[in-house]
Amino acid sequence: MEKQKLQCPESRQQELQKKLEAPMVQLRYAYAIDVIRAKLRMINAGLTEQNRRQVIRSMSSRIKSADSVVKKLSRKGQEVTYRTAVSSLNDIAGIRVVCYFCDDIYQVADAVRRQSDIRVLKEKDYVGSPKKSGYQSIHLIVGVPVTYEDRTREVRVELQIRSFAMDYWAELDTQMCYKKSAGQIENVEREIRGYSDVIAKVDNKMLELRRRIDGM
Ligand code: 0O2
């Protein structure tokens, strides 16, 4: 206990990295990602048949690096330990789903909610209520049971679901603004927030157009 208190931040980071990068820990997250990706492939096939067009454009996934975990815990003012990371971060395992149209997002999210063998633990609708930055996406935190030998753990995966247009905005925002300290680039932030509104308008216009074509 005393030893833990005296640990310098650097050695705590190293300990976090060692534990997070342990093969069994990485495999647990990779397994949970694989399960959700397989489900999304089935969801896409079902929705494609139903809508007679592709719904999901692309999917990507990653396990957060130890470095990013340390940065995120520090940004949130939390203790930089493996235990805190695993218990408080919902996005150590993450999957991003990019849909063609903005109404597809809700179809995919509903289909995920209907899966009986995983739990949706938390939801954020940044499409209905965009973030101050202009960021738009639906986030679902899903719990995936991962059994190894006689123990089952629920591993959390963050699912970000957004349209092609929202993804374009978010990718450029990540490059230019996101994670820069407040005020550092105030004017740019205001401008990029404005473009998020423009993109949302275009996204809705494209949806109207598709609906008109569907009805022809
Ligand atoms: P990275 O490097 O992309 O992984 P919670 O603890 O569940 O309450 P959390 O994780 O603190 O929530 O925040 P939130 O709002 O759910 O955002 C999580 C992720 O959404 C971020 O992960 C980004 O990927 C993305 N995101 C959120 N806001 C923005 C934004 O303004 N711009 C962009 N481009 N992406 C955003 P990380 O770990 O911050 O980053």
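In table form, for the structure just shown:
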| read-out | value |
| --- | --- |
| Boolean, Leu89 is in contact (Cβ under 8 Å) with a residue 24 or more places away in the chain, within 15 Å of the ligand (Cβ to nearest atom) and touching a His at 6+ places or on another chain (Cβ under 9 Å) | no |
| Residue match in region 112-132 (condition: in a helix (DSSP H, G or I), without any contact (Cβ under 8 Å) to a residue 60 or more places away in the chain and among the small types (Gly, Ala, Ser)) | no |
| Breaking point among (1) within 14 Å of the ligand (Cβ to nearest atom); (2) in contact with a helix residue (DSSP H, G or I) (Cβ under 8 Å, 6 or more places away or on another chain); (3) under 19 Å from Ile43 (Cβ atoms), for Trp169 | (3) |
| Qualifying residue in region 202-216 (condition: away from the ligand (no atom under 11 Å from the Cβ) and under 21 Å from the mean Cα position of the chain (by Cα)) | yes |
| Subset of region 56-78 [more than 21 Å from Asp34 (Cβ to Cβ) and surrounded by fewer than 13 Cβ atoms within 10 Å (Cβ to Cβ)] | Asp67, Arg75, Lys76, Gly77 |
| Residue in region 171-180 that is part of a helix (DSSP H, G or I), within 21 Å of Val97 (Cα to Cα) and among the polar types (S, T, N, Q) present | yes |
| When residues of region 125-177 are limited to those that are crowded, with 19+ Cβ neighbours inside 10 Å, under 27 Å from Asp203 (Cα atoms) and among the charged types (D, E, K, R), the one farthest from the chain's Cα centre (by Cα) | Asp173 |
| Total residues in region 146-156, condition away from the ligand (no atom under 12 Å from the Cβ) and either touching a Cys at 6+ places or on another chain (Cβ under 8 Å) or closer than 12 Å to Val120 by Cα (or both) | 2 |
| Given (1) within 9 Å of the ligand (Cβ to nearest atom); (2) crowded, with 16+ Cβ neighbours inside 10 Å, number of the condition Lys122 does not satisfy | (2) |
| Of the criteria (1) modelled with pLDDT of 95 or more; (2) in contact with a helix residue (DSSP H, G or I) (Cβ under 6 Å, 6 or more places away or on another chain), which one Val80 fails | (1) |
| Top-ranked residue of region 133-142 - restricted to ones that are in a strand (DSSP E or B) and touching a helix residue (DSSP H, G or I) at 6+ places or on another chain (Cβ under 9 Å), ranked as farthest from the ligand (Cβ to nearest atom) | Val142 |
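The values are calculated or read from the model by the stated rules, or taken from the named source; none is laboratory data. Here the structure is a predicted model, which is why all the values come from computation and not from measurement. Don't worry about glycine lacking a Cβ; one is built from the backbone with ideal geometry, like all the others, and counts go over all protein chains shown.
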